[in-house]
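FYI, it's all coordinate maths here, none of it is from the lab. Values in this document were obtained by computation on a predicted structure and should not be read as measured data.
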Amino acid sequence: MNDHKNQLREDAIELAIQISDLCDGIKGCSVYVNQIVRSSSSIGANIHEARYAQSKADFISKLEISLKECSETEYWLEIIFRKRKLTEETYRMLRNKCGSIRRRLIASITTAKNTTQ
C-alpha cells in the first residue's frame, strides 16, 4: 500500500477517535451519537478492508462504502451541531476533516475505475 492510502487510513482512524472522544461527553442524543460513532468508524474499517480486496471491483466497492459512510458522518455532525451539542469551531473542524477524506476517497475511486488491471 502506498503512502497516500496509508495516510487516508490514518486520517480516517483519527477522525473516528476524535468523534468517539467527543461523543463520550454528549448527553441526551444517544440515537445520534450511536449513529455517528458507527458511521465514522466504518469509514476507516472499509478502507482497511479494501487493502485485502478480492478483486478490483471489490476494492472499489469497499472505497465506495467508505465514501457513503463519510457522507453519513457529515449528516450526523450537522444534526448534532444543530441540536447545539457541538461548538461551531468543533463542527467546522470535523466537517472539514470529513470533507478532506471524502474528496480523497472520490479521487481514489476515480483512479481505480480508470486504471486497467
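What fraction, in whole percent, of alpha-carbon pairs in the chain exceed 22 Å separation? Roughly 32 percent, once rounded to a whole number.
Each residue of the range 81-90 was assigned a 3J(HN,Hα) from its phi angle through the Karplus expression (A = 6.51, B = -1.76, C = 1.60, θ = phi - 60°), giving 5, 5, 7, 6, 9, 10, 6, 4, 4, 5 Hz with x at Gly and Pro.
Dividing the mean sequence gap of close Cα pairs (under 8 Å, 6+ apart) by how many residues the range 3-112 holds gives a relative contact order of 28 percent. Using a Gaussian network model on the chain with a 10 Å cutoff between Cα atoms, which of SER61, SER42, SER30 fluctuates the most? Per the Cα network of the chain with a 10 Å cutoff, SER30 tops the list.
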